[in-house]
Amino acid sequence: MEQLFEGLLNDHLGFVVWAAVAFILLLILLGKFAWKPIMQAITERERSIEDALLKAEAAKEEMARLTDENEALLKKARIERDLILHEARKVKEQMIHDARDLAQKEGARMLEIARIEINNQKAIALADVKNQVAALSLEIAEKVLRKQFEDQAKQDELIADLLKEVKLK
Amino acid sequence: MNFSHILNSKKTALSLILGVFLTFCACNTFAIQHEEHVKEEKNAEEEAFNPTTAILEHIGDSHYWHVLGETSIPLPVILFTDKGTEFFSSAVFHHGTEAHQGQFYTYKLVEDKIKAVDANGEVDKEASSHVYDFSITKNVLAMWIAGTLILIIFMSVASSYKKREGKAPKGLQSLVEPIIMFVRDEIARPNIGRGYQRYMPILLTIFFFIWMNNLLGLVPLFPGGANVTGNIMFTFVMSAIVMLVVNFSANKYYWKHIFLPDVPVWLYPIMIPVELIGVISRPFALMIRLYANISAGHIIVLSLISLIFIFKSIAVAPVSILFVLFMDVLELLVAFLQAFIFTMLTALFIGTAVEDHH
């Protein structure tokens with residue numbers, strides 16, 4: 001047993017110490033100048049990738065939301081348009097209807113006025129005709145009378161008749 | 001244990017691999033037996049190729065870094081002795097053939113271990129026990145090279161994270177990021193749970209340090225080829241750090257589970273020691289697992305290469321190379337797998353220590 005360990009420390013302690021020094025030095029140097037920045041960079045990049053993915057997902061959702069919204073808006077607009085068109089048509093019909101009504105009424109009214117006017121004019125014309133007829137009749141009568149009373153005897157006779165009539169009454 | 005019969009029957013590859021498996025161990029006991037065995041071997045066949053020594057040399061630590069053929073790089077030797085510190089190049093040993101007269105003692109390389117010797121060149125055990133070897137050996141250097149590589153890679157990656165903030169990864173960054181994410185999402189998060197961020201630095205460091213060392217160990221050329229993670233001292237350090245981290249981050253539930261488990265009080269004399277052994281045995285298992293897996297891979301590859309020298313025939317080379325290629329590809333997987341398992345079990349132990357009950 002003694003022989004087994006004889007000189008073990010003498011021969012190998014140096015190597016153990018050098019190995020330990022090498023490893024610990026390596027650990028410290030790498031830890032400070034390599035692992036720390038590398039691990040930091042990797043973690044940082046992973047985080048940024050994750051962030052980017054999350055953001056992309058959010059953007060996609062936002063996009064979908066916007067598309068949905070657009071679609072809804074479009075749908076609404078279409079409905080509104082239809083409504084407006086419908087209303088316009090209704091209004092148009094109403095207007096035509098109203099116009100026709102109005103025109104009819106106006107026509108009727110004008111017809112009435114025309115009829116009245118015609119009647120008036122007719123009455124005036126008739127009155128005029130009557131006057132003229134009366135004037136003519138008077139003229140004729142005058143002329144007739146004048147002719148008749150050109151003869152004195154006849155005048156006397158008429159006066160005599162008239163006097164007789166007055167006396168009778 | 002006597003392996004001479006295995007080594008002498010140089011015809012059966014199977015028994016060789018088996019023998020290598022049984023013999024691999026860098027411990028002193030085996031080394032001593034091994035030494036005796038080498039002497040026997042040398043007496044029997046002077047020039048014979050000894051795969052065991054060759055393989056153990058390759059997977060073991062060394063004061064030289066063998067590059068190619070006869071070329072090897074001498075490495076600095078640092079010795080802390082009771083009288084003072086010594087510093088010289090390992091070239092002075094001439095691959096263990098010569099002793100070196102230092103300032104305080106005379107040193108010699110014995111089995112690639114530095115021992116103080118007396119005037120006659122015999123190992124002086126008393127003096128040797130005062131000499132602590134703090135040399136920058138092949139494994140220490142390989143480990144530092146791996147560490148430097150990791151530092152360069154990850155600092156540049158970190159700077160590109162700063163430069164390209166918030167952008168997609170590019171180049172080296174995109175190669176490394178999935179692995180970091182793997183450690184985070186497959187290892188840390190499921191095993192530790194809430195608050196895993198605190199342990200990310202240590203888990204990542206453990207993972208990449210072990211992996212890089214495993215991979216460099218598979219490269220047969222100079223900057224690689226060292227068997228760092230197949231060195232039990234290295235895995236010991238790693239698992240000791242894991243044990244410290246686990247126990248220092250443990251919460252009261254963890255300690256309650258150890259010292260006041262939910263069993264009848266009369267079972268405590270059994271349960272508490274068992275739990276305490278558990279505290280030690282888990283990192284111990286980590287240590288052995290990594291060490292054995294990586295060493296075994298190296299040994300198999302080296303054994304397959306050794307076949308060429310055992311058969312003394314170039315004709316074996318294609319077969320060997322094919323098998324080695326297969327093994328190397330497998331080892332590539334094992335390199336990742338072992339780093340992953342080590343890190344995952346670390347995370348699991350931390351997870352059990354910081355788990356919130358009720």
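Tabulated values for the structure
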{"read-out": "Residue identified as of a type in the set (Phe, Trp, Tyr), farther than 25 Å from residue B:62 by Cα and in a helix (DSSP H, G or I) among B:234, B:182", "value": "B:182"}
{"read-out": "Selection status of residue B:248, aromatic (Phe, Trp, Tyr) and surrounded by 12 or more Cβ atoms within 10 Å (Cβ to Cβ)", "value": "no"}
{"read-out": "Qualifying position, being out of contact with any His (no Cβ under 8 Å at 6 or more places or on another chain) and surrounded by fewer than 20 Cβ atoms within 10 Å (Cβ to Cβ), among B:348, B:286, B:290", "value": "B:348"}
{"read-out": "Scope the stretch B:271-300; condition under 16 Å from residue B:247 (Cα atoms) and among the charged types (D, E, K, R); matching residues", "value": "B:275, B:282"}
{"read-out": "Candidate set from the stretch B:177-197 (those that are among the basic types (Lys, Arg) and without any contact (Cβ under 8 Å) to a residue 40 or more places away in the chain); member that is farthest from residue B:145 (Cα to Cα)", "value": "B:189"}
{"read-out": "Extreme residue, nearest to the chain's Cα centre (by Cα), among residues of the stretch B:75-104 that are within 13 Å of residue B:121 (Cβ to Cβ) and either among the aromatic types (Phe, Trp, Tyr) or part of a loop (DSSP other than H, G, I, E, B) (or both)", "value": "B:96"}
{"read-out": "Set B:273, B:283: member being in a helix (DSSP H, G or I), over 30 Å from residue B:210 (Cβ atoms), modelled with pLDDT of 90 or more and out of contact with any Leu (no Cβ under 8 Å at 6 or more places or on another chain)", "value": "B:273"}
{"read-out": "Which numbered condition residue B:226 misses (of (1) farther than 25 Å from residue A:32 by Cα; (2) within 15 Å of the chain's Cα centre (by Cα); (3) away from chain A (no Cβ under 14 Å))", "value": "(3)"}
{"read-out": "All positions within the stretch A:4-19 that are at pLDDT below 75, facing chain B (nearest Cβ under 7 Å) and at negative phi", "value": "A:4, A:6"}
{"read-out": "Residue in the stretch A:85-99 that is within 14 Å of chain B (Cβ to nearest Cβ) and either among the β-branched types (Val, Ile, Thr) or at positive phi (or both) present", "value": "no"}
{"read-out": "Long-range neighbours under 9 Å by Cβ, at least six apart or interchain, first residue more than 7 Å from every other protein chain (Cβ to nearest Cβ) within the stretch B:150-167, second loosely packed, with under 14 Cβ neighbours inside 10 Å and part of a helix (DSSP H, G or I)", "value": "B:153/B:172; B:156/B:172; B:160/B:172"}
{"read-out": "Subset of the stretch B:243-270 [within 19 Å of residue B:202 (Cα to Cα) and either assigned to a helix (DSSP H, G or I) or among the small types (Gly, Ala, Ser) (or both)]", "value": "B:243, B:244, B:245, B:246, B:247, B:248, B:249, B:250"}
{"read-out": "Residue satisfying all of: in the stretch B:197-211; facing chain A (nearest Cβ under 9 Å) and not aromatic (Phe, Trp, Tyr); surrounded by the fewest Cβ atoms within 10 Å (Cβ to Cβ) among these", "value": "B:197"}
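The values are calculated or read from the model by the stated rules, or taken from the named source; none is laboratory data. The structure presented is a predicted model; accordingly, all values stated were derived computationally and were not measured. Here Cβ is always computed from backbone atoms with ideal geometry, including for glycine, and neighbour counts include all displayed protein chains.
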